[in-house]
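Visitor: This is the structure I want to talk about, given as structure tokens.
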Amino acid sequence: MKVLMLNGSWSPNGSTGLGLEEMAKVFAQAQIETEIVSLGAKPVMDCMACGKCGELKKCAFDTDQVNSFVAKAAESDGFVFGSPVYYAHPSGRIMSFLDRVFFSSMSADMYAPFRFKPCASIVVARRAGTSASFDVLNKYAGISQMITVGSTYWNEFHALTKDDVPQDAEGLQTLRNLARNMIYVMQCLDAGRKAGVALPQTEANYLTNFVR
């Protein structure tokens with residue numbers, strides 16, 4: 001099994017990265033592979049809703065990691081999206097990135113790389129804005145038939161700099177319990193597949209426009 005993790009910070013080794021690594025340690029103990037994709041400091045193109053992904057079966061903009069992330073997603077069993085909190089919302093780069101990831105995946109094949117797979121979001125802030133940011137990131141899972149995984153508190157921890165991360169004992173505990181819960185869900189899904197439990201049949205006949 002493999003968990004694909006996304007670091008929405010410009011810094012691969014900052015507080016967000018440490019939170020993802022805390023979870024990766026728990027996954028490793030269960031012999032689950034992890035890969036952390038860091039967005040870094042390079043510009044990330046916004047989604048323009050150009051619709052070209054419907055033709056190309058991928059995002060038309062190939063100057064960053066969006067298409068490679070979707071390709072990796074198809075081979076992954078679970079996902080963790082991590083972001084620092086800026087002005088009570090996730091980083092702009094992770095929003096632009098995930099908008100294109102999920103829009104192009106929807107256009108290509110109704111979220112095929114993501115649906116029926118577990119997903120968790122984690123956020124880090126100095127003080128406030130965590131729950132709002134957490135809610136925003138969970139919206140991607142909610143529209144794409146993913147299984148949102150929770151923990152023993154909302155999936156957040158607090159730090160001004162990465163040196164503060166170890167002081168938030170409860171926050172790190174929440175991340176470790178989150179990883180354990182994800183392992184459980186992935187194992188249950190795997191057992192279901194082996195037992196022949198069929199995935200739900202998805203209706204896709206209607207797209208209602210309320211403007212008349």
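The values are calculated or read from the model by the stated rules, or taken from the named source; none is laboratory data. Fair warning: this is a prediction, and the values are worked out from it, not measured in the lab. Note: ideal-geometry Cβ built from the backbone for every residue, glycine included; neighbour counts use all protein chains shown. SASA here: full protein model, heavy atoms, side chains in, ligands and nucleic acids out. Shrake-Rupley method; radii C 1.70, N 1.55, O 1.52, S 1.80 Å.
Visitor: Do we find a residue being under 26 Å from residue 174 (Cα atoms), aromatic (Phe, Trp, Tyr) and modelled with pLDDT of 95 or more anywhere in the range 98-113? Give the steps one after another, and end with the answer.
Guide: Step one: of the range 98-113, the residues under 26 Å from residue 174 (Cα atoms) are 98.
Checking which are aromatic (Phe, Trp, Tyr) leaves us with none.
Scanning the range 98-113 turns up no residue that is under 26 Å from residue 174 (Cα atoms), aromatic (Phe, Trp, Tyr) and modelled with pLDDT of 95 or more.
Visitor: Taking the range 12-31 on its own, how many of its residues are open to solvent by 10 Å² or more (accessible area, probe 1.4 Å) and under 17 Å from the mean Cα position of the chain (by Cα)?
Guide: Selection size over the range 12-31: 6.
Visitor: Here are the criteria: (1) surrounded by 17 or more Cβ atoms within 10 Å (Cβ to Cβ); (2) free of Cβ contacts under 8 Å to residues at least 40 places away in the same chain; (3) not hydrophobic (A, V, I, L, M, F, W, C). Tell me which single one residue 203 does not satisfy.
Guide: Status for residue 203: all satisfied but (1).
Visitor: Which of the residues that make up the range 1-11 are surrounded by 18 or more Cβ atoms within 10 Å (Cβ to Cβ) and under 16 Å from residue 78 (Cα atoms)?
Guide: Within the range 1-11, 3, 4, 5, 6, 7 qualify.
Visitor: Being part of a helix (DSSP H, G or I) and farther than 20 Å from residue 148 by Cβ: is that true of residue 40 here? Break it down stepwise before answering.
Guide: Numbers: part of a helix (DSSP H, G or I): no; farther than 20 Å from residue 148 by Cβ: yes.
No: the conditions fail for residue 40.
Visitor: Which residue is farthest from residue 12 (Cα to Cα), if the candidates are limited to the range 32-42 and must be free of Cβ contacts under 8 Å to residues at least 60 places away in the same chain and surrounded by 12 or more Cβ atoms within 10 Å (Cβ to Cβ)? Please lay out each step first, then the result.
Guide: Going residue by residue through the range 32-42, those that are free of Cβ contacts under 8 Å to residues at least 60 places away in the same chain are 33-42.
Among the residues that remain, those that are also surrounded by 12 or more Cβ atoms within 10 Å (Cβ to Cβ) are: 33-40.
Details: 33: 19, 34: 15, 35: 13, 36: 9, 37: 9, 38: 6, 39: 8, 40: 6 Å.
The extreme case among them is 33.
Visitor: Now for a separate question. Given the structure, is residue 26 more than 24 Å from residue 188 (Cα to Cα), modelled with pLDDT of 95 or more and among the hydrophobic types (A, V, I, L, M, F, W, C)? Give the steps one after another, and end with the answer.
Guide: Working: more than 24 Å from residue 188 (Cα to Cα): no; modelled with pLDDT of 95 or more: yes; among the hydrophobic types (A, V, I, L, M, F, W, C): yes.
It is false that residue 26 is more than 24 Å from residue 188 (Cα to Cα), modelled with pLDDT of 95 or more and among the hydrophobic types (A, V, I, L, M, F, W, C).
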